[in-house]
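> The structure that follows is given in the form of structure tokens.
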Amino acid sequence: MTASPGAPRAPVDEAPPPQPEARTSERSSDSRAGQLSFCTKVCYGIGGIPNQVASSATAFYLQLFLLDVAQVSAAQVSLVLFGGKVSGAAADPVAGYFISRSRRTGAGHLMPWVLGCTPFITVAYFLLWFLPPFTSLRGLWYTSFYCLFQALATFFQVPYAALTMLLTPCPRERDSATAYRMTMEMAGTLMGAAVHGLIVAGAHRPHRCEDAALAGPLAVSPDATRLYSTAAAVLALTYPVCTGLLCLGVKERPDSSAPASGQSLSFLAGLGLAVRHPPYLKLGISFLFISAAIQVEQSYLVLFCTHASRLHDHVQSVVLTILVSAVLSTPLWEWVLQRFGKKTSAFGICMMVPFAILLAAVPTAPVAYVVAFVSGVSIAVSLLLPWSMLPDVVDAFQQQHQHGPGLETIFYSSYVFFTKLSGAGALGISTLSLEFAGYEAGACKQAEPVVVTLKVLIGVVPTCMILTGLCILMVGPTPKVPSQDPSRRQSLQRRTSYSLA
């Protein structure tokens, strides 16, 4: 029977709205699905050890090796450091481009890049510390291999760092994995400086200058070259060992940060959107100055203790104090980040400012150890903070633009590009200042202008850079979060407010 047009229609059954208990159950189910096991977090952290082992050794000892063992002039060392850092910086957008355009394999999208770089970077790191038999082209030798090492380290680090976004969709678990990673990387930093320093300690003992009647350069010791080659071989082995554990313990998830209908962007288009994203721009510029300050502090600490103070016998202990302090304080800073917020935690970076100036003014052993401890605490938060903020910035960008997968690699690679570029300029210019001050490679005693220059580089320069970076981080623009349902908006604010507000 057909109902008349004027007759009332039978009511249509409608699905009841989801109850609060159902939504809570769904959220708890998603949370459980995104949890990472302890083994996964540990293996993910172990993957970051090799680059930190190598970076720690080069940061503290490469300048000393080039100037006093290889006896390369300060001007050429400036070119070595600048060229290597620029090579690493230039490799970041290149790595981001190729990785974002590569296809997912059975091992994942990012993991094959980490595995493929491992054998080449192992060889390049060893040759960086090898003393060639010729002397006229040593500057070119070290420039070539430092550039190669930095480029390969970039192709290793960019996919490994971006892997954070593909471990789990849960922000809290990502922060936890980042904490494991930073703790392991700090342990790698400690291991690199400790092992390398203990092996090469015999090459820089004070008694080598006691019988020298002149302040000029000494002959290169065969023992010194052997010790540096041994240290390089030992640390280079961490690449295949740790990468193997990373591959065995971590399973890469497909990128689900964007809707299925979203279309992926080209690399250049994604890079253009990234650098125009105010939170990302603020984060990048602020840590451009802060990371450059940390690199300058690390690079000149050993030279300062060797040539600008009577701390020859304390070099290894001071370096280890910095690194042990940084390793032990990393879990504490992770708790501070969770409890008080990331923006508030940034003030911990400026703790080292007065102490760096104090060391330059009063270079005594007790002061050096106090400064080393406080500097380690500040370095820990300066390394942890940007990598905790960056996933939040990527999340906020995805919420505003709803683009396809691959953008996390562009954000990470361009961030590392700008920080390395700033380090290249800072280290290149500062090392060149030693040449102008009259630094003599291999000399037992340096002229007074060199001593004054080292004091400025260890105190004034990092102070100015850190304060500039913190000012930019604190007064930058605040983005507007797009309107969503209240529960989603509240969740997004919890995840992004500390780094964006």
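The values are calculated or read from the model by the stated rules, or taken from the named source; none is laboratory data. Values in this document were obtained by computation on a predicted structure and should not be read as measured data. Note that each Cβ is placed from the backbone with ideal geometry, even for glycine, and that neighbours are counted across all protein chains shown. In case anyone asks, the SASA skips ligands and DNA or RNA and just uses the protein heavy atoms, side chains included. Shrake-Rupley method; radii C 1.70, N 1.55, O 1.52, S 1.80 Å.
> With θ taken as phi - 60° and the coefficients 6.51, -1.76 and 1.60, list the Karplus ³J(HN,Hα) couplings across the range 86-103 in order, rounded to whole Hz; mark glycine and proline as x.
Each residue's phi maps through the Karplus curve to give 5, 4, x, 5, 5, 6, 5, x, 5, 4, x, 5, 5, 5, 5, 9, 6, 8 Hz.
> Here is a follow-up. Counting only the backbone N, which residues of the range 68-95 are under 12 Å from the spot 7 Å out from the Cα of L137 toward its beta-carbon?
It comes to no residues whatsoever.
> For the range 266-478, what is the charge dipole size about the Cα centre, in debye to the nearest 20, if Lys and Arg each add +1 at the Cβ and Asp and Glu each add -1 at the Cβ?
In debye, rounded to 20, the range 266-478 gives about 280.
> Right, another one. With the cut-off at 29 Å, tell me which of the pairs K85/K282; K41/K343; K41/K420; K420/K445 have Cα atoms farther apart than that.
K420/K445
> With Cβ to Cβ distances under 14 Å as the rule, what net charge do the other residues near I472 carry (K, R +1; D, E -1)?
+2
> To the nearest 10 Å², what's D223's accessible area with a 1.4 Å probe?
It works out to around 90 Å².
> I'd like the accessible area for L281, computed on protein heavy atoms only with a 1.4 Å probe and all protein chains in place. Round to 10 Å², please.
80 Å²
> A further question on this structure: Viscosity 0.692 mPa s, temperature 37 °C: Stokes-Einstein D of the range 266-478 from its Kirkwood Cα radius, in µm² per second?
Approximately 179 µm²/s, per Stokes-Einstein.
> Considering only protein heavy atoms, what is the solvent-accessible area of H109 at a probe of 1.4 Å, reported in Å² to the nearest 10?
That residue has around 30 Å² of solvent-accessible surface.
> Can you give the net charge of the other residues whose Cβ lies under 15 Å from the Cβ of A293, counting K and R as +1 and D and E as -1?
Spelling it out: positives minus negatives among the neighbours equals +1.
> Net charge within 14 Å of V327 by Cβ-Cβ distance, Lys/Arg positive one each and Asp/Glu negative one each, not counting V327 itself?
Here the count lands on -1.
> Which residue, chosen from T468, I357, Q316, occupies the Cα position most advanced towards the positive end of the dipole of the range 266-478, where the dipole is computed from +1 (Lys, Arg) and -1 (Asp, Glu) charges on Cβ about the Cα centre?
T468
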